[in-house]
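Report on one structure; see the data block that follows.
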Amino acid sequence: MSAVGLARATIRTLLLAGVREFVLCPGSRNTPLSLELAEAESRGLLRLHVRIDERTAAFLALGLAKGSGVPAAVVSTSGTAVANFHPAVVEASMSHTPIAVVTANRPLSMLGTGANQTIPQVGIFGDATRATVHVADERPDTWQGALHKAVYAMGGSPVGQGPVQIDLGFSPPLVPTDPDFITPVQRDEPHLGIVAEAPIALVALPPRSLVVVAECAAELAESAVRTAVSAGFPVHIEAGTSLTAANEACLRAGAFLLRSDLIREWRPEHLLVVGRPTLSRPIPALVQSGDLEVTIVSDDPSITNPMQTGLPPARASKVEITGLVDADFARAWERADIAAAEVIDAQTREVFDAGAAVAVVAESRPDVLVVASSNPVRDLDERAVRRSQRVVANRGAAGIDGLVSTAVGVALAVAPARTTALLGDLAFLHDANGLVIGPSEPRPDLTVVVVNNDGGAIFASLEQGAPEYAEHFERVFGTPHGADLEALCAATSTPYQRCGDAGALADALAAAADGIRVIEVPVSREQERERRQDLARRVLAAVETSLATES
């Protein structure tokens, strides 16, 4: 059997697992895969995407899998090409996104010989993969068992679905010498990698309970919000992927209420946390305070000690919340939320800053919103009205890398749905290679909004942004770059528009994207810390006033 035979067997196994999106990077050792994938696309078996940068390619596969909800594959040659997949593999692992990382290799006997482009790449991703298999072309009797092991692990393992590495040892000849081709998948063949559903968690809450819904699957978030709202409990839903389950009965200003006097005056006796909170420090602080009961429901089997509580979470794909709410408790939270929201909306109208720009993007209501970590997702959490919105965010590891490519992948997967990506300038620059797309490649309709404050604005609101660290702050945290985004877009023939106020941004977003376009929104980073602290003071003062009026 040949390298080409192993390539065909690998592609067919992935097709049986439901993979239809393949991302390919050029190389020599992966020649059998490259030729077979191109031929398979010409016969309508799959869709192929070619990228010259392996890191971009891996994040594109991540976005395709997140957008479609089914596994995607990324393919590379040997050597350092493989190492460039690592950041996306880590995110896929922590966000439980199934992707097959197919790495071409030389026979393992070549290690230590000085052979070109040969590194110890089997298992290079460590614990980030659900399984790693090496399959040698000279051992066809091992192919099926090893490939099926990887596919089943991608669909589900003790720590949930996620990425796998399929490392293929290819020896020459690397090009086809026969007319055979991949055997088409038949309709009646068994699908590989199916995972059984988790159970429903039944949670009866005491009268003064607060419900927090954070990063989790849409099914769990929807069941939590629906049943908690129906019972009348206050619900704070973080503006991440679970925002798809939001409705206007959820708290609008929960990000502020959790650090307000409301927590002291109307302190919950019980806190129910559904999913994994990633945006708000007060939530872990409440969980660990020790003076209220805590229940945690999670669909993430890799989390065994949530927020360092020592409490095992209830593992479930759905939750049903019941209980009789304390009407006075619920009204106090509702009044405080209304008062806080009025201040937030007033600030958004009066001052066009990063938060206001994010609010305009949210109000444009794209079908899918891809949001960067750091300030964009936090501004969304503070400013956005709670309504159902599909959000894709790389919050598994909360990195800012690969986000342009992730957004391209999402947009390709959900087309013709309207997709907008909301990025900061550093996230955009970090993955500017994501705009390098060949003329023959599938290209989505995607609007990329870049809120550009020339540096790392998030650090201004953290401890290192305090005045006593001002001497070195700008260089090592602020990191101004002075990059010309318009020129960068011109280099890749990407349509560009600059919007300096809310009206211009709203008008630009109202126009349909034709291909990939970039909208730059320049905002000032001066007094960033003071602006954010002033907004928080005003919101918290409004909450305090609502409490005083009530009493």
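Bear in mind these aren't lab numbers, they're just calculated from the coordinates by the rules spelled out. This is a predicted model, so every value here is computed, not measured. Positions of Cβ are backbone-derived with ideal geometry, glycine not excepted, and every protein chain shown enters the neighbour counts.
For the pair Thr183/Ala397, report the inter-label distance in nm, with labels modelled 7 Å from Cα in the Cβ direction.
3.8 nm
Could you give the distance between the Cα centres of the stretch 429-481 and the stretch 97-141, to the whole Å?
Here the answer is 34 Å between Cα centres.
Take every DSSP beta bridge whose two residues both sit in the stretch 3-169, then give the antiparallel share in percent to the nearest 5. Mind showing how you got there, number by number?
Details: 0 of 24 bridges.
Restricted to the stretch 3-169, the bridges split so that about 0 percent are antiparallel.
Within the stretch 200-338, what percent of beta bridges assigned by DSSP are antiparallel, to the nearest 5?
Values: 1 of 21 bridges.
Here the share of antiparallel DSSP bridges comes out near 5 percent.
Once you put a point 7 Å from the Cα of Arg139 and another 7 Å from the Cα of Glu219, both along the Cβ direction, what distance in nm separates them?
3.7 nm
Taking 0.36 nm per intervening residue step and subtracting the Cα-Cα distance, what contour gain separates Ser461 from Asn305 on full extension?
Numbers: separation 156, 0.36 × 156 = 56.16 nm, distance 2.82 nm.
Taking 0.36 nm per residue and subtracting the Cα distance, the gain is 53.3 nm.
For Phe256, Phe477, what ranking results if the residue with the fewest other Cβ atoms within 10 Å of its Cβ goes first? Walk me through the numbers before you get to the answer.
On the way: Phe256 27, Phe477 17.
In order of increasing Cβ crowding within 10 Å: Phe477, Phe256.
Which value, in debye to the nearest 20, gives the size of the charge dipole of the chain about its Cα centre, when Lys and Arg are +1 and Asp and Glu are -1 at the Cβ?
Numbers: 45 positive and 65 negative charges, 178 e Å.
Charge dipole, the chain, about its Cα centre: 860 debye, nearest 20.
Which angle from 0 to 90°, rounded to the nearest 10, does the C-alpha axis of helix 528-550 make with the longest principal axis of the chain?
Around 50 degrees separate the two axes.
Using a basic spin-label model with each label point 7 Å from the Cα along Cα→Cβ, how many nm lie between Arg349 and Thr479?
Between Arg349 and Thr479, the simple spin-label model gives 3.8 nm.
Work from the charge dipole of the stretch 354-523 (Cβ charges, +1 for Lys and Arg, -1 for Asp and Glu, about the Cα centre) and give the residue of Gly399, Ile516, Ala491 farthest towards its positive end.
Ile516
What do you get for the angle between helix 54-68 and the principal long axis of the chain? Use alpha-carbon atoms, 0 to 90 degrees, nearest ten.
Tilt relative to the chain: about 60 degrees.
For the stretch 384-454, what does the alpha-carbon gyration tensor say about shape, rounded, prolate or oblate, given a ≥ b ≥ c as the root eigenvalues, a/c under 1.5 as rounded, and a/b over b/c as prolate?
Values: a/c = 1.71, a/b = 1.11, b/c = 1.55.
Verdict is oblate for the stretch 384-454.
Sorted by mean Cβ packing within 10 Å, highest first, what order do the peptides 71-82, 123-134 take?
Values: 71-82: 24.9, 123-134: 18.8.
Peptide ranking by packing, descending: 71-82, 123-134.
Would you calculate, for the chain, the mean residue ellipticity at 222 nm contributed by helices, counting each DSSP H stretch of 4 or more residues as -39,500 (n - 2.57) and dividing by all residues, to the nearest 500? Provide the component values of the computation, followed by the final result.
On the way: 19 runs with 199 residues, N = 551.
Taken over the chain, the calculation gives -11000 deg cm²/dmol.
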